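Participant: First the structure, which I've put down as structure tokens, then a few questions once you've had a look.
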Amino acid sequence: MRIVDKDPWLKPYEKTIKERHNSAVVKESQLIGDGTLSDFALGYMYYGLHFIDNEWIFREWAPNATAIYLIGDFNEWRIDERYRASLINRHGDWQLRLPKSSLRHGQHYKMLVRWKDGEGERIPAWCRRVVQDPVTGIFSAQVWKPETEYRFANTDFKIAKDRPLLIYECHIGMAQEKEDVGTYIEFKDKVLPRIKEGGYNCIQIMAVQEHPYYGSFGYHVSNFFAPSSRFGTPEELKELIDTAHSMGIAVIMDIVHSHAVANENEGLGNLSGDKSQYFHSGERREHSAWGSLCFDYGKDQVLHFLLSNCKYWLEEYHFDGFRFDGVTSMIYYSHGLGESFGSYQDYFNDRQDGDAICYLMLANKLIHECNPNAITIAEEVSGMPGLAAPFANGGYGFNYRMAMNIPDYWIKIIKELSDDNWSMSGIYWEITNRRSDEKTISYVESHDQALVGDKTVIFRLVDSDMYWHFSKSDGNLVTARGIALHKMIRLITATTINGGYLNFMGNEFGHPEWIDFPREGNGWSYKYARRQWSLVDNQELCYSWLNNFDKKLINLLGKSRGFQNKKLEQYCLNDSDKVVVYGRGEYLFVYNFNPVRSFTGYGVLVPHGEYKILLNSDNNDFGGNGLVDENQIYQTISDTVYGAEDKGWLKMYLPARTALILKRKR
């Protein structure tokens, strides 16, 4: 248990850590027998509807069913004995074999499931294509076997492990400017080139798994193996991923295994008359805050379903990994609600769900067995130790965890303090506060901060002046302050990473509108469920300044080999002057957060050498005042009294609210 060796405070809980690890080892052995997890996670090849050896084969796990029929376009949605499945084993597997002529590509279908006390029309749990009728709004499965299967051109894509992971979080439907739902193809053609130019090397796609309510942002999933048909066809999603790979961009998806939509007609809530088939029974069945259903990870068939789902997206669509949603909700019986997480004792007691922890460990083990280069990220707010540590070391096996403290901190100080009261030591501590043996994804704001009811950083800084004073020719002190701090906040967050950095689409240029999906309260409008790219393309508006800065910063980080692993060295934290200086390898980062004071000849002891400016937030192209001479070469000055042999004084001109990146000549 190396995580204990690296953190002595875990020593009192070593027994619990070992028990959790061993439970996953034992469960894996029970599930796989003489095979592997990858062999076990092939449920999607067995269940569902398949065309094999010139016939259709349909299978479904429904242990509580007494009869299952396929109904659809092909039999006028009526019971037809020719489409009746048979129970084939004691585990509750049903099977139906049909001749080729019985079904055609594009036809719609459902199961009519009967059980002891009732019946209902249901969408098969393992189906790969679900569509919604535009008139009735009713969802149904769709036979999907196009004449030509999509063939990936980029089959050997690998994520560059020697570069920081720079994630562009995105939502296909709202990625377009039109007041409508965007498509996979529109995203491929219009948005991917922007992401590539912006320097991001990974996209994280939200809302991929089918969900009945668009406004759920994809987090109330009904059909786990079906990519959302709102955005296009499965082949078009594959084309998007293939194109991203051709650009050197990895593609991960938000995977939702923390809960499922409660809808019975569209989802798994009552597939065959047993409401606890996939979920807990009693009080644990429904999530107290989300109104969704909670998986019972103690059931082998549920593990088979979810693990197969992980492998399916990797193999069928060539996704490069996953950001697991709602991990805190999975780990704790309380879903993390009302918990303080003030000490290690809060992580190792009888309030954690051992079955869920076991599943997460197995999921990570499986994913990296399928693809050793895969990325897994945990969205987890409690700070559970070991989450992003290797399974072999006693951890859960995630590659990264989201640094969810950072956006909360920025919101807090922007909301509660004027920037002349910001603490430089407080900022530096918060953005670098992490476990030494776990990689994190740092971010200023994600989609969460862009939703109605919250505010983005730019809105908190500038507020209504964005509407009246965001023209380059009509700025004021409020917009100037907001633009300067928006750049500095992003710069200090992105350059202190120990793993990766994330940005939600549009936030890089200060998108002015919140996100509000079509709903009854807004007249089912798409006005705020889109991204206004025309704003950043308009060179008369300030958005282009912010975009220019983000592009320069992200491209610089992406081209720096091993940047995320370079050791952080703190050189100056001056709360009085509001100056922060730190280094990473050959790079030096200098910030003057002071709102009114500029400094001439400000001296900082740094490693000896010759320094040149690479990035200056005060550059005119970024909306700055252009007060810094970027051609100047800075040379350290030796000081035998205060300096060490390897350090000297670097004296710089630091305008107020300005940040610099310098590079030392080796």
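The values are calculated or read from the model by the stated rules, or taken from the named source; none is laboratory data. From a predicted model like this one, the values you see are computed outputs, not experimental measurements. Don't worry about glycine lacking a Cβ; one is built from the backbone with ideal geometry, like all the others, and counts go over all protein chains shown. Surface areas here come from the heavy atoms of the whole protein model, side chains and all, with no ligands, DNA or RNA. Shrake-Rupley method; radii C 1.70, N 1.55, O 1.52, S 1.80 Å.
Participant: Tell me whether segment 356-371 contains one or more residues that are buried (at least 21 other Cβ atoms within 10 Å of the Cβ) and part of a loop (DSSP other than H, G, I, E, B).
Facilitator: No, segment 356-371 contains no residue that is buried (at least 21 other Cβ atoms within 10 Å of the Cβ) and part of a loop (DSSP other than H, G, I, E, B).
Participant: Hey, can you tell me all the residues within segment 80-106 that are crowded, with 16+ Cβ neighbours inside 10 Å and in contact with a Lys or Arg (Cβ under 9 Å, 6 or more places away or on another chain)?
Facilitator: Scanning segment 80-106 gives A85, D93, W94, Q95, L96, L98, S102, L103.
Participant: Could you list all residues from segment 12-51 that are open to solvent by 60 Å² or more (accessible area, probe 1.4 Å), out of contact with any strand residue (DSSP E or B) (no Cβ under 8 Å at 6 or more places or on another chain) and in a helix (DSSP H, G or I)?
Facilitator: P12, K15, K18, E19, N22, V25, V26, S29, Q30, D39, M45
Participant: Being of a type outside the set (S, T, N, Q) and part of a loop (DSSP other than H, G, I, E, B) narrows it down to one residue among L303, L240, L307, L271; which is it?
Facilitator: Details: L303 fails: part of a loop (DSSP other than H, G, I, E, B); L240 fails: part of a loop (DSSP other than H, G, I, E, B); L307 fails: part of a loop (DSSP other than H, G, I, E, B).
Only one candidate passes the filter, namely L271.
Participant: List the pairs whose first member sits in segment 589-604 and is within 7 Å of A656 (Cβ to Cβ), whose second member is among the polar types (S, T, N, Q), and whose Cβ atoms are under 7 Å apart, counting only residues at least 6 apart or on separate chains?
Facilitator: These pairs meet every condition: N592/T658.
Participant: Quick check, is I413 aliphatic (A, V, I, L, M) and either more than 25 Å from H318 (Cβ to Cβ) or open to solvent by 10 Å² or more (accessible area, probe 1.4 Å) (or both)?
Facilitator: yes
Participant: Among the numbered criteria (1) at pLDDT below 95; (2) polar (S, T, N, Q); (3) in a helix (DSSP H, G or I), which one does T479 miss?
Facilitator: (1)
Participant: Pull up segment 399-410, narrow it to residues that are crowded, with 20+ Cβ neighbours inside 10 Å and in contact with a Lys or Arg (Cβ under 9 Å, 6 or more places away or on another chain), then point me to the one that is nearest to K578 (Cα to Cα).
Facilitator: W410
Participant: From the list E540, E508, pick out the single residue that is of a type in the set (D, E) and either open to solvent by 50 Å² or more (accessible area, probe 1.4 Å) or farther than 18 Å from S442 by Cβ (or both). Spell out the reasoning first.
Facilitator: On the way: E508 fails: either open to solvent by 50 Å² or more (accessible area, probe 1.4 Å) or farther than 18 Å from S442 by Cβ (or both).
Answer to the selection: E540.
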